[in-house]
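Single-structure report; data block below.
The values are calculated or read from the model by the stated rules, or taken from the named source; none is laboratory data. Note that this is a predicted model, so its numbers are computed, not measured. Cβ atoms come from the backbone with ideal geometry, glycine included; neighbour counts cover every protein chain shown. Each accessible area value is taken on the protein alone, full model and side chains, heavy atoms only, with ligands, DNA and RNA left out. Shrake-Rupley method; radii C 1.70, N 1.55, O 1.52, S 1.80 Å.
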Amino acid sequence: MSINWIKITERAREGIKIINALPYETFTTVLFYTHRQMSPSGATASATSSTVGTSVTTAGRVDSSNEENPTSSTEPEYTLEELERLVGVPRQDFLLLIKTFSYILRRISTFIIKPSLLQRELREKLQLEDEAKIDAILRLWVRETTPIMNNLASKRYESNVIEDVAWKLNMEISSHCQQREKTPLAVLQMKTAVGEDINIEMTQPELMELYNQFESIQGELDAMLAMKASGATAPGNQ
C-alpha cells in the first residue's frame, strides 16, 4: 500500500539519481549535513557563520554509533565548499542534491508511519537502490521521531477524558468611557482526567454556534447507533 506523503517531480527524480550514484560514506556525510542544517541549532549556526565555514561530520558504513549521533563523531569535518568537492559533481547537481535531501527529510518529518512502510516507500516510490542508504535514512527518522512518540505516551496524554464540567457568566466592559456597554460572556470550565483545566470563553453567538455543532455531532452519533442496532437485529445476524 502506497501513501501520499511525497510528490516525486522530475527534478526530485534527477536528485534521487545523484543520491543513488553516491558512495555510501559520501551519502551519509551529505545526509547528516542536510539534517543538521534543517534543525534549529543547525540553522542558528549557519546564520552566525559564513557558508564556506559551515562544517559537516562524516560517518562510516561500519560504525553505526556515529549515525546515531553524527554531530559528536570524531571523524573529519568538511566545510560546505569541501563537501562539494567531496561529492564531485557540477555545482547545479550539487545544489539539486542538497535540495532533494532537504525535501525528503522535510516530508518524512511530517508523517508518523510504520518504519517498515517507510522503508518500502523509500525503496519503491523514491527508488533508492542501496539498502544501506535506506537504512541510514530510516535510523535517522526513528531517532528524530522517538522523542515525539515518547512524549505522546507520557501521562499527560494517557487520558483526555473530560471528568468535570462547570460554567459561569462574566460581563465584559468595552472601556472605561463606555461602562454601560457590557457584553455577557459564558465561560465553560472543563477538567480532564489528568487534571488539566480547559476554559473556553464565548459570547452568546459563539455559544449558539457551539451548541449547534454539538447538536450535529449528536445527530451523527444517533444515526450511527441506529444503524448498528438495526444491523445487530437483522435476520442474518441472529
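Figures for the structure shown
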{"read-out": "Meets criteria (at pLDDT 90 or above and more than 18 Å from Ile8 (Cα to Cα)) for Ala153", "value": "no"}
{"read-out": "Scan of the stretch 88-110 for residues that are part of a loop (DSSP other than H, G, I, E, B), touching a Ser or Thr at 6+ places or on another chain (Cβ under 9 Å) and either of a type outside the set (Ser, Thr, Tyr) or open to solvent by less than 60 Å² (accessible area, probe 1.4 Å) (or both), ordered by number", "value": "Gly88"}
{"read-out": "Any chance Phe101 is at pLDDT 80 or above, among the aromatic types (Phe, Trp, Tyr) and assigned by the TED database to the domain that holds Trp5", "value": "yes"}
{"read-out": "Qualifying positions in the stretch 111-135 - assigned to a loop (DSSP other than H, G, I, E, B) and open to solvent by 80 Å² or more (accessible area, probe 1.4 Å)", "value": "Ile112, Lys114, Gln127, Glu129"}
{"read-out": "Tally of residues being at pLDDT below 70 and within 24 Å of Glu209 (Cβ to Cβ) across the stretch 156-196", "value": "5"}
